[in-house]
């Protein structure tokens, strides 16, 4: 019995703006599409994994969603590390499937962030007025920081230590937008230039509006099972070669090194488990909450030496046709970002590895990496996926 | 070690920390113009924010009063913020300050021209009275 963990089904809900849909409906639509894509019977699913973080008419934590979807599982995981949750889920499920804790698991996410909250996520603030805030957040809440500000402090320090420029960061937004221009569902499809990015409104220095991700509605789902079960399913299996995760802090007030991430911990483990090198990787799916997020992931995961990300990006290496094409679906920067985008990193990587990515297909895509950043570059989850049996 | 200015505030309109058994000493000291961190009696590790354990060795930490001085380690200028009490102060600097004693501390520099702030800038603490038992530390450039 070959229990090598594989992804056999993927599905996305509708996006970027779907006013009539609740967050839970995004979970459901994505789940239905993933089940159809895999061509399995729903009754086969004996594991459920979800991070919540969306919902609406009801909470969407793992136990509630398992009940609503009526999955009487024998394996559940509700790990919530923010946007990187789904890379951690791959790590956990790979072990669970190898171990026999479950055979076939469904992972879902859904949020109507844009329809429900507008574009307030980045600068609206979590604490709205005179109120007391418990725990570690109490050390931040009096100061009026924003989500954008937390990432901006990374960019500022990176620029200070390594001379990274706004123009270099802008190249990331420009490259991802080119891919979005080829995705008819992407929220922003007009091509942009470096000048457009650096001349867009400053939100939190040094991050401009076009350094920041979009806010959309959306949902995603994927199904993992064993290589054995995948043999007579309709889609070519995508193998989990290696997955790992790490955490350096949660709240931004506890970040101690603003130029790197826990990717420096998780990356080497994921690569060792996968038995591949960086040069074996054909495309990157990085959490692009902000341009700086991608740059720090690129460096901390070891694709380039620390501090050399800026010039490397400016050479066009992450663009369409470059050495490591980045976020071929148009990313969170320009396509789909309901708040916790990590599941779409997995879905797009699978699409590429199956050879089903259409006009944005990376030629001969054999190995892809999905790297999620949760919180404020706090929890980094890495999944290296491949189309060949390891 | 040294007491810093505490500015009385007529009506506090921002979020407040919730005091608990561990952190109340920190916030009450701030109300009196003193910035505390913790130092571990077992291993010497210094930390902020205050906790019930030493983050390095898990022993029970002790309080250490700081000089209230440091340098800007990194910062941003908040130019868009939806909460009314902060919106009226835009733009303002939010910063991580590296204390002379070592740890990084999170805070802000309201009313300071962002163009005068840079990484490495020497800063000192002052406080605003948020309630009868809570002071909030803020930072401003050291006047030489």
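What follows is calculated from the coordinates using simple rules that are stated; it is not laboratory data. Because the structure is a prediction, the values reported are computed rather than measured. In this analysis, Cβ positions are derived from the backbone assuming ideal geometry, glycine residues included, and neighbour counts consider all displayed protein chains.
The modelled label-to-label distance between residue B:22 and residue A:234, using points 7 Å beyond Cα along the C-beta direction, is 5.3 nm.
Name the most mobile residue of A:180, A:95, A:221, meaning the one with the largest mean-square fluctuation, in a Gaussian network model of chain A with Cα contacts below 10 Å. Greatest mean-square fluctuation among the candidates belongs to A:95. Once Rh is set to the Kirkwood radius over Cα pairs, what Stokes-Einstein translational diffusion coefficient, in µm²/s, holds for the protein assembly as shown at a temperature of 20 °C and a viscosity of 1.002 mPa s? For the chosen part, D equals 90 µm²/s. Highest GNM mean-square fluctuation among A:134, A:230, A:266, for chain A modelled with Cα contacts below 10 Å: A:134.
Taking Cα centroids, how far is segment B:1-52 from segment A:238-284 in Å? Segment B:1-52 and segment A:238-284 have Cα centres separated by 35 Å. Shape of segment B:6-141 from its Cα gyration tensor (a ≥ b ≥ c, root eigenvalues): rounded if a/c is under 1.5, otherwise prolate when a/b > b/c, or oblate? Judged from the Cα gyration tensor, segment B:6-141 comes out oblate (a/c at least 1.5, b/c at or above a/b). Per the helix-only calculation at 222 nm, which mean residue ellipticity applies to chain A, given -39500 (n - 2.57) for every DSSP H run of n ≥ 4 and division by its residues, nearest 500 deg cm²/dmol? Dividing the helical sum by the residues of chain A leaves -9500 deg cm²/dmol.
Counting every other Cβ atom within 10 Å of each residue's Cβ, B:73, B:45, A:27 order from fewest to most as B:45, B:73, A:27. The modelled label-to-label distance for the pair residue B:8/residue A:361, using points 7 Å beyond Cα in the direction of Cβ, is 7.5 nm. Inter-chain Cβ neighbour count for A:148-160, averaged per residue, equals 5 (cutoff 10 Å, partner chain atoms only).
A Förster radius of 41 Å, combined with the Cβ-Cβ distance separating residue B:63 from residue A:119, puts the computed FRET efficiency at roughly 0.45. In chain A, the DSSP beta bridges split such that about 70 percent are antiparallel, to the nearest 5.
Applying 1/(1 + (r/R0)^6) with R0 = 30 Å to the Cβ-Cβ distance of residue A:98 and residue A:43 gives a FRET efficiency near 0.85.
By the beta-carbon count within 10 Å of each Cβ, the least crowded to most crowded order of A:17, A:231, fewest first, is A:231, A:17.
Only helices enter this figure: runs of n ≥ 4 DSSP H residues, each worth -39500 (n - 2.57), summed and divided by the residues of chain B, yield -2000 deg cm²/dmol at 222 nm to the nearest 500.
Here the spin labels are modelled as points 7 Å beyond Cα on the Cα-Cβ line, and at residue A:389 and residue B:51 they lie 4.6 nm apart.
Highest mobility in the GNM of chain B, judged by mean-square fluctuation with C-alpha springs under 10 Å and restricted to B:97, B:123, B:22, is found for B:22. Taking all Cα pairs closer than 8 Å and separated by 6 or more residues, the relative contact order of segment A:88-209 comes to 18 percent.
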